[in-house]
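One structure is given here, and the rest of the page talks about it.
We did not get these values from a lab; they are worked out from the coordinates using the rules stated. Because the structure is predicted, anything quoted here is derived from the model rather than measured. Counting neighbours? That spans all protein chains shown, and the Cβs are built from the backbone with ideal geometry, glycine included.
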Amino acid sequence: MKISTVRRTDGLGRVVLPEELRSALGLGEGASVRLTLEGRRVILEKETPQCALCGCTENLYTQGESAVCAQCIQALAEMASL
Ligand SMILES: [Zn+2]
């Protein structure tokens, strides 16, 4: 699916994402997005929390802006007890 639209930025650089785009990405109110500049393109991706150590996205425990999964916590606990 390709969705392409032209929007104007306001005085603060804000752009409203059309409902069609938000719906396609599953972006609800307050959802986090990542913006990446590649050359002259800005890539907007739905931010999915992931483990800082292994990258998995399930069974996460968050501390501030970081997250670690249960498996990595278990592995770290076993390492610490050696
Ligand atoms: Zn992990």
| query | Going by alpha carbons, how many degrees (0 to 90, nearest 10) lie between the helix axis of 70-80 and the longest principal axis of the chain? | reply | 40
| query | Over the stretch 1-47, what is the mean sequence separation of C-alpha contacts under 8 Å (at least six apart), divided by residue count, expressed as relative contact order in percent? | reply | 23
| task | Largest first and to the nearest Å, give the Cα extent of the stretch 1-47 along each principal axis. | result | 24, 23, 21
| Separation of the ALA75 and CYS56 label points, Cα + 7 Å toward Cβ, nm | 0.9
| task | Evaluate the charge dipole of the stretch 1-47 about its Cα centre and quote only its size in Debye, nearest 20, assuming +1 on the Cβ of each Lys and Arg and -1 on the Cβ of each Asp and Glu. | result | 220
